[in-house]
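Q: Let me begin by handing over the structure; questions about it come next.
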Amino acid sequence: MELQPVRWEGNSLFVLDQRFLPEEEVWLECKTWKDVAEAIRNMAVRGAPLIGIAAAYGLALAQRQGENVKFAYEELSKTRPTGVNLAFALERTINSSDFLEEAQKIHREERERNEKIGKHGVTLLKNRGNIMTLCNTGSLATAGIGTALGVIRTAFRMGMLNEAIVLETRPRLQGAKLTAWELQKDEIPFRIITDGAAAYYMKTKSAELIVTGADCIAANGDTANKIGTYALAIQASYHNIPFVVAAPSSTIDSRKHSGDEIPIEERGVEEVMNILHSSKIKGNVWNPAFDVTPAHLISHIVTENGIYSHPYDFRHVYSTQGV
Ligand code: MRU
């Protein structure tokens, strides 16, 4: 069974604190919805589907402790603005009668979706080869085999993977720290490259496919994902390599017509500056956590329901349950 980054035990939600990985496996006990909100804000818990799952459990804590659930709902909604799974999971939970049961259902469903995404996604591979990915979209981000990483895991199982090319993913290094950790545990061959090396890799080596996750997909297919995704899609298009987004239907928000309506989270200066290990530079920093890739640069979007190709039309998909 795949790694479980959150678990309900007793009357608490335990989360594997991703800020300490890969060095240490520290479990954080969230006893109240406020603890859960803080764990999401400070990125102990991260990755769009997992944020949704954790927030749903957070609301369950509020209900069980007789707290003001409307207030908890609003505060949890604000913890990270870009990933739409958060909003959908909270909406589903608050409209249910037993919040804990609903949270557990969301948790289970996300895991099941991953398996299907992996099976569909792998059919896009014409040959065995290298698959490039960004950020972390694995068990740590989804509680299942992963979305983009689920495609890579499935390709490996089927003998279709040479190696995974893992972009380090500045500024927080989710690729080099978290994705590499997951792949290493599973003994799946991988190679870490810097974000800046991606285009040159495409030109001089061979990548069969580039696959990323998503934090929010608008009705027209424009996709918000980890900063650097847009650059990767442009590079893939230039080099004629299929660029694929793999995400559960719970990441599609058809209420948003295009990517212009997706709020993009901006994070702190320290994330960018810490790596310098220097206090000499005092410059200003712009640190958007995500960017939006226009739909026309995305060759395919893979959900648990199958493979969609450009032009996309997700207008009919409105539901807090996913497609
Ligand atoms: O800031 P993070 O680490 O939460 O960003 C994660 C991503 O951008 C992932 O690609 C996305 O959430 C999809 S995870 C299946």
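Q: Given Cα pairs under 8 Å that are at least 6 residues apart, what percent is the relative contact order of the chain?
A: 17
Q: How far apart, in nm, are two points set 7 Å out from the Cα along the Cα-to-Cβ line at His239 and at Val26?
A: The modelled label-to-label distance comes out at 3.7 nm.
Q: A further question on this structure: Most fluctuating residue of Thr169, Thr133, Thr204 in a GNM of the chain with Cα springs under 10 Å: which is it?
A: Largest GNM mean-square fluctuation: Thr204.
Q: Put Tyr230, Tyr308 in order of accessible area, largest first, 1.4 Å probe: what do you get?
A: Descending accessible area places them as Tyr230, Tyr308.
Q: Taking amide H positions as placed 1.01 Å from N in the peptide plane, with prolines and chain starts having none, which residues 5 or more places from Ile192, or on another chain, fall under 5 Å of its amide H?
A: Amide H to amide H, under 5 Å and 5 or more residues apart or across chains, Ile192 pairs with Val166.
Q: Here's something else I'd like to know. What per residue convex hull volume, in Å³, comes out for region 93-240 when only alpha-carbon positions are used?
A: Per residue, the Cα convex hull of region 93-240 comes to 125 Å³.
Q: Using helices alone, what [θ] at 222 nm do you get for the chain, with -39,500 (n - 2.57) per DSSP H run of 4 or more residues, divided over all residues and rounded to the nearest 500?
A: So the helix-based figure for the chain works out to -10000 deg cm²/dmol.
Q: Choose one answer from Lys105, Lys70, Lys282: the residue with the largest mean-square fluctuation in a GNM of the chain with alpha-carbon springs under 10 Å.
A: Lys282
Q: Treating the beta-carbon of each Lys and Arg as +1 and of each Asp and Glu as -1, no other charges, what is the dipole magnitude of the chain about its Cα centre, to the nearest 20 debye?
A: About 620 debye.
Q: In whole percent, and with a 1.4 Å probe on the protein chains, what portion of the accessible area of region 1-73 is carbon and sulfur?
A: Roughly 49 percent, rounded to a whole number.
Q: Can you compute 3J(HN,Hα) from phi for each residue in region 251-265, using the Karplus curve 6.51 cos²θ - 1.76 cosθ + 1.60 with θ = phi - 60°, rounded to whole Hz and x for Gly and Pro?
A: With the stated coefficients, region 251-265 comes to 9, 8, 10, 6, 6, 9, 6, 8, x, 4, 8, 8, x, 10, 5 Hz.
Q: Pick from Gln184, Gln174, Gln104 the residue whose mean-square fluctuation is largest in a GNM of the chain, springs joining Cα atoms under 10 Å.
A: With Cα springs under 10 Å in the chain, the top fluctuation among Gln184, Gln174, Gln104 is at Gln184.
Q: Rank these residues by their accessible area, most exposed first, probe 1.4 Å: Ile40, Ile192.
A: Sorted descending by solvent-accessible area, the residues read Ile192, Ile40.
Q: At 1.4 Å probe size, with every protein chain present, just tell me what the per residue accessible area of the chain comes to in Å².
A: Averaged over the residues of the chain, the accessible area is 43 Å².
Q: Which one, Asn11, Tyr57, Gly146, projects farthest toward the positive side of the charge dipole computed for the chain from Cβ point charges (K/R +1, D/E -1)?
A: Farthest towards the positive end: Gly146.
Q: Step through the residues of region 68-80 one at a time and calculate ³J(HN,Hα) from phi using the Karplus curve (6.51 cos²θ - 1.76 cosθ + 1.60, θ = phi - 60°), rounding each to whole Hz and writing x for Gly and Pro.
A: Result, rounded to whole Hz: 6, 5, 5, 5, 4, 4, 5, 5, 5, 4, 8, 4, 9.
Q: Using only the alpha-carbon atoms of the chain as identical scatterers, what base-10 log of I(q)/I(0) does the Debye formula give at q = 0.08, 0.13 Å⁻¹?
A: With one equal scatterer per Cα and no solvent, log10 I(q)/I(0) is -0.33, -0.90.
Q: Restricted to Cα positions, what overall size does region 222-269 have along the principal axes? Three whole-Å values, descending.
A: So the extents along the principal axes, rounded to whole Å, are 33, 31, 18.
Q: When DSSP beta bridges are limited to those with both residues in the chain, what percentage is antiparallel, rounded to the nearest 5?
A: 50
Q: Nearest-5 percent of antiparallel DSSP beta bridges in region 203-304?
A: 45
Q: Under 18 Å between alpha carbons, and skipping anything fewer than 8 positions from Lys205 in its own chain: which lysines qualify?
A: Correct list for Lys205: Lys126.
Q: What whole number of Å gives the distance from the Cα centroid of region 40-82 to the Cα centroid of region 214-238?
A: Value for the Cα centre distance between the two parts: 26 Å.
Q: Just by accessible area at a 1.4 angstrom probe, what is the order of Trp33, Trp286 from largest to smallest?
A: Result, largest first: Trp286, Trp33.
The values are calculated or read from the model by the stated rules, or taken from the named source; none is laboratory data. Because the structure is a prediction, the values reported are computed rather than measured. Don't worry about glycine lacking a Cβ; one is built from the backbone with ideal geometry, like all the others, and counts go over all protein chains shown. Keep in mind that these areas ignore ligands, DNA and RNA; they rest on the heavy atoms of the full protein, side chains included. Shrake-Rupley method; radii C 1.70, N 1.55, O 1.52, S 1.80 Å.
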